[in-house]
Amino acid sequence: MIVSLHDRADAEFVRRELAARGLWATPLADASGKVRHFSVACVAQGRPRGGGRHEGVAGVASLPKRAPRVDAQGLVVDVGGVKVGGGAPVFSAAVRGRERGPGERAIAARVAKAGAKFLRGGAFKPRTSPYAFQGHGDEGLRWLRAAGDAHGLKVVTEAMGEVEAPRVAEWCDVVQVGSRNMQNFSLLKALGRCGRPVLLKRAMSATVEEWLLAGEYLLSHGAPGVIFCERGIRGFDDATRNLLDLGAVALLSTVYGLPVVVDPSHATGRRDLVLPLARAALAAGAAGVMIETHDDPGRALSDGPQALTPAELDQTLRALGATRGDTEEA
Ligand code: PEP
Ligand code: MN
């Protein structure tokens, strides 16, 4: 909202009046240094009151917001008591084990001990090729839930279609929207209605505005919170798998005040770049990082070259200053 002042208005008086109404005003001065307007960050619903009725105020104009619910969401998304954003960084490991079921449990124990709070696994996997491994489906959801519960980890998993969205949401704490589905608006609407927080991965060619508007779809259809995830966008150079857009991370987190987590594994496609980019992500304001882990990356059914072993995850989270977890089974 822009508040314009009368020529002879006492700007300090108007600023105090705004502050008394809980409005934080940034002065906008002309070339001579005289304050002519205030820009007011405002998340209130409803119409701004008309100008001229307050001493010193000539008029009030509201700037149309394209994503009002995203703007109003704030920095923190609470996932069953684990806060993403606004505090210590959270760590999440995306896991794949060789042995299904018991393998997931064993790897979850190591992930929890390393200090991660979230366990992510793809039961339904969006693969570029129809011949590539597609995930373990409903059975995978059950393994993940059991592994997360056994070690006090929140479960994150992807929903690919609106039909299975409610079923997937039932088994997890945060539903992931993958890059390839960021603008699948039917899915976003269906997921919003599931009432779970959503991890919204940025599409490989999406502008920041498109990403925020995808978040607006989720919130306007009922999602209780959206965590944005930067996973690298398409660049011209194939030296790394994608191009990690840390400018967007800093913009969303430090300027727009939104929770953003970074996926350095998909961003680079190389395990040796995970730690430096995770460090850079946290320095840029990320609320957390999520790192791909496999108990035998050489035999992974997908994305082996970017996966860390559990021992490497442990070292990486130590280097990032994670608080180590309890080793006991919950
Ligand atoms: C994933 O998270 O496993 C995945 C497929 O990532 P993305 O959607 O970022 O490619
Ligand atoms: Mn992947």
Report task. Return yes when R96 is more than 20 Å from the chain's Cα centre (by Cα) and either touching a residue at least 12 places away in the same chain (Cβ under 8 Å) or closer than 29 Å to L252 by Cβ (or both) and no when it is not. Result -> yes
Requested in this report: May I ask you to verify whether A267 is among the aliphatic types (A, V, I, L, M) and either more than 15 Å from ligand 1 (Cβ to nearest atom) or in contact with an Asp or Glu (Cβ under 6 Å, 6 or more places away or on another chain) (or both)?
Outcome: no
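When the residues of segment 259-301 are narrowed to those that are acidic (D, E) and over 20 Å from the mean Cα position of the chain (by Cα), which ends up farthest from G121 (Cα to Cα)? Give the derivation first.
Start the filter on segment 259-301 by keeping residues that are acidic (D, E), which leaves 263, 272, 292, 295-296.
Still in the list and also over 20 Å from the mean Cα position of the chain (by Cα): 272, 295-296.
Working: D272: 21, D295: 13, D296: 15 Å.
Filtering first and then ranking leaves D272.
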Report task. Identify, by number, the condition in (1) more than 21 Å from the chain's Cα centre (by Cα); (2) open to solvent by 30 Å² or more (accessible area, probe 1.4 Å); (3) not polar (S, T, N, Q) that A114 doesn't meet. Result -> (2)
Query raised in the report: Within the bounds of segment 182-200, is there any residue that is closer than 19 Å to E292 by Cβ, within 16 Å of ligand 1 (Cβ to nearest atom) and either within 18 Å of the chain's Cα centre (by Cα) or touching a residue at least 60 places away in the same chain (Cβ under 8 Å) (or both)?
Result: yes
Query raised in the report: Quick one: would you say A123 is within 15 Å of ligand 1 (Cβ to nearest atom), among the aliphatic types (A, V, I, L, M), part of a strand (DSSP E or B) and open to solvent by less than 30 Å² (accessible area, probe 1.4 Å)?
Result: no
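In segment 11-30, what residues are loosely packed, with under 14 Cβ neighbours inside 10 Å and touching a Lys or Arg at 6+ places or on another chain (Cβ under 9 Å)? Break it down stepwise before answering.
So in segment 11-30, the residues loosely packed, with under 14 Cβ neighbours inside 10 Å come out as 12-13, 16, 19-22, 24, 26, 29-30.
Within segment 11-30, A29, D30 meet the criteria.
Determine which member of the set A25, A19, A31 is farther than 30 Å from E209 by Cβ and either modelled with pLDDT of 85 or more or part of a helix (DSSP H, G or I) (or both).
Numbers: A25 fails: farther than 30 Å from E209 by Cβ; A31 fails: either modelled with pLDDT of 85 or more or part of a helix (DSSP H, G or I) (or both).
That would be A19, the only listed residue that is farther than 30 Å from E209 by Cβ and either modelled with pLDDT of 85 or more or part of a helix (DSSP H, G or I) (or both).
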Query raised in the report: List pairs: first in segment 289-318 and in a strand (DSSP E or B) and open to solvent by less than 50 Å² (accessible area, probe 1.4 Å), second of a type in the set (G, A, S) and more than 12 Å from ligand 2 (Cβ to nearest atom), Cβ under 6 Å, 6+ apart or cross-chain?
Result: V289/A278; V289/A281; M290/S92; I291/A93; T293/A93
Report task. Name the residue, out of L273, L252, L282, L258, that is part of a helix (DSSP H, G or I), more than 15 Å from ligand 1 (Cβ to nearest atom), crowded, with 24+ Cβ neighbours inside 10 Å and modelled with pLDDT of 95 or more. Result -> L252
**Report entry** Only one of A147, A112, A88, A116 that is more than 16 Å from ligand 1 (Cβ to nearest atom), more than 21 Å from R202 (Cβ to Cβ), in contact (Cβ under 8 Å) with a residue 24 or more places away in the chain and part of a loop (DSSP other than H, G, I, E, B)
**Finding:** A88
Requested in this report: Output yes when any residue across segment 248-270 is of a type in the set (D, E) and away from ligand 2 (no atom under 16 Å from the Cβ), and no when none is.
Outcome: no
Query - First in segment 221-241 and more than 18 Å from V177 (Cβ to Cβ) and within 16 Å of ligand 2 (Cβ to nearest atom), second anywhere and of a type in the set (D, E, K, R) and open to solvent by less than 80 Å² (accessible area, probe 1.4 Å), Cβ under 8 Å, 6 or more apart - result: none
Query - Failed item in (1) farther than 29 Å from R16 by Cα; (2) at pLDDT below 85, with V60 passing the rest - result: (1)
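The values are calculated or read from the model by the stated rules, or taken from the named source; none is laboratory data. Bear in mind the structure is a predicted one, so any value in this text is a computation, not a measurement. Neighbour counts are summed over all protein chains in view; Cβ atoms, including those assigned to glycine, are modelled from backbone coordinates with ideal geometry. SASA here: full protein model, heavy atoms, side chains in, ligands and nucleic acids out. Shrake-Rupley method; radii C 1.70, N 1.55, O 1.52, S 1.80 Å.
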